[in-house]
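Data first, discussion second: the structure below is written as structure tokens.
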Amino acid sequence: MTEIRWGILGPGRIAPRIVRAVAASKRGTIVAVASRDGGRARAFADRHGVARAYGSYDELLAAPDLDVVYVALPNHLHAPWTVRALEAGKHVLCEKPLALTVAEVDAIAAAAALAGRIAVEGFMYLHHPQIRRAVELARSGELGPLELVRGSFSFFLTYPNDPRIDPTMGGGSLWDLGGYPVSFARRVAGEEPGRVWAEARFDERGVDRTFVGQLRFPSGLLAQFDSSFAAPDRQALEVVGGEALFTLSAPFLTEPDGPPPNLTLVRDGVPSQIDVPSVDQVALEVEDLTAAILDGRPPLVDVAFSRGTIATLVALDRAAREAASIPALSTLALA
């Protein structure tokens, strides 16, 4: 095999980015798209020059000439359709979160092993040179002993029927946005958190609209993050060491889909820019999986790493829900 052929499950708002990324690849092409609405699949195919459109996901998975399936469905469908795609003999790139439980991640790992196929989670930002440089810088000792990682990601979500605020579909800002700073903190720490704390503002259906979490790693490194569907567009990362710190003003969504990358080192109060190229991080994600399939190179975001992220998100969600049941200070008898 010298070229891989892609199919898309779910022609939603994010799928055009994969079309763009695969179009830029010299070793891949998109040949099919599937939706439960055949007309919607056909419209997407016509708009993006995709040869075939299917009115069901199973039809696409049955196509013998597809090598990779991109799963861009609502959160609660990620794990089931990733497993089904693997069982159909396809490699999988699944949008984040890969799953909503650790058991689902384990089912994906088992299905991938049995099929001899690769499944990776679509955390495209981890492929960007600014993030790889930031992780390298944090772990190099140049900042001194690491003290704190902080991250934020938010935007106004105003669509009333959006799957991202549906409790039956794995909705919530934690699952949609919180995984970014959480996965970054884990990448920097190189270990799993030993403790988590969390608070959230839940809506009437129990979906978090704003989430604040803290992690403590066995090394002593602390991490704080917030995510929100009820705050203006904002994304940021900061890593603080005992001797210096650095910030990223556009860590998660960069051009061509957001602002340009920006990595700033601050030492003794003096900022200095670290040069990082502006690239399509989705294209890098596509090339990473392509190299894993065709060249046998280990993927950058493997299932083991995703398992740690999902386990942490599950623990954070549980911590916030438990915190919500604690009586307010005003109702307690204070000494």
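Give the residue, chosen from 215, 263, that is in contact (Cβ under 8 Å) with a residue 24 or more places away in the chain, touching a Pro at 6+ places or on another chain (Cβ under 7 Å) and either under 21 Å from residue 185 (Cα atoms) or buried (at least 20 other Cβ atoms within 10 Å of the Cβ) (or both).
215
Could you check residue 309 against (1) in a helix (DSSP H, G or I); (2) within 30 Å of residue 1 (Cα to Cα) and say which number it fails?
It fails just one condition, (2).
If a residue must be surrounded by fewer than 23 Cβ atoms within 10 Å (Cβ to Cβ) and either hydrophobic (A, V, I, L, M, F, W, C) or within 18 Å of residue 101 (Cβ to Cβ) (or both), how many such residues does the stretch 202-211 contain?
Number satisfying all stated conditions: 3.
Quick check on the stretch 60-70. Is at least one of its residues of a type in the set (Ser, Thr, Tyr), closer than 25 Å to residue 157 by Cβ, touching a Cys at 6+ places or on another chain (Cβ under 9 Å) and modelled with pLDDT of 95 or more?
Within the stretch 60-70, one or more residues are of a type in the set (Ser, Thr, Tyr), closer than 25 Å to residue 157 by Cβ, touching a Cys at 6+ places or on another chain (Cβ under 9 Å) and modelled with pLDDT of 95 or more.
How about the stretch 278-300: which of its residues are open to solvent by 30 Å² or more (accessible area, probe 1.4 Å) and free of Cβ contacts under 8 Å to residues at least 12 places away in the same chain?
Those that are open to solvent by 30 Å² or more (accessible area, probe 1.4 Å) and free of Cβ contacts under 8 Å to residues at least 12 places away in the same chain: 295, 296, 297, 298.
Can you confirm whether the stretch 117-125 contains a residue that is at pLDDT 95 or above, closer than 28 Å to residue 223 by Cα and β-branched (Val, Ile, Thr)?
yes
What tally of residues in the stretch 174-201 results from selecting those that are farther than 13 Å from residue 216 by Cα, open to solvent by 30 Å² or more (accessible area, probe 1.4 Å) and in contact with a strand residue (DSSP E or B) (Cβ under 6 Å, 6 or more places away or on another chain)?
2
Restricting attention to the stretch 142-171, which residues are part of a helix (DSSP H, G or I) and either under 26 Å from residue 193 (Cβ atoms) or touching an Asp or Glu at 6+ places or on another chain (Cβ under 7 Å) (or both)?
164, 167
The values are calculated or read from the model by the stated rules, or taken from the named source; none is laboratory data. Because the structure is a prediction, the values reported are computed rather than measured. Virtual Cβ from ideal backbone geometry, glycine too; neighbours counted across all protein chains shown. For the accessible areas, the whole protein counts, side chains as well, though only heavy atoms, and no ligand, DNA or RNA atoms are used. Shrake-Rupley method; radii C 1.70, N 1.55, O 1.52, S 1.80 Å.
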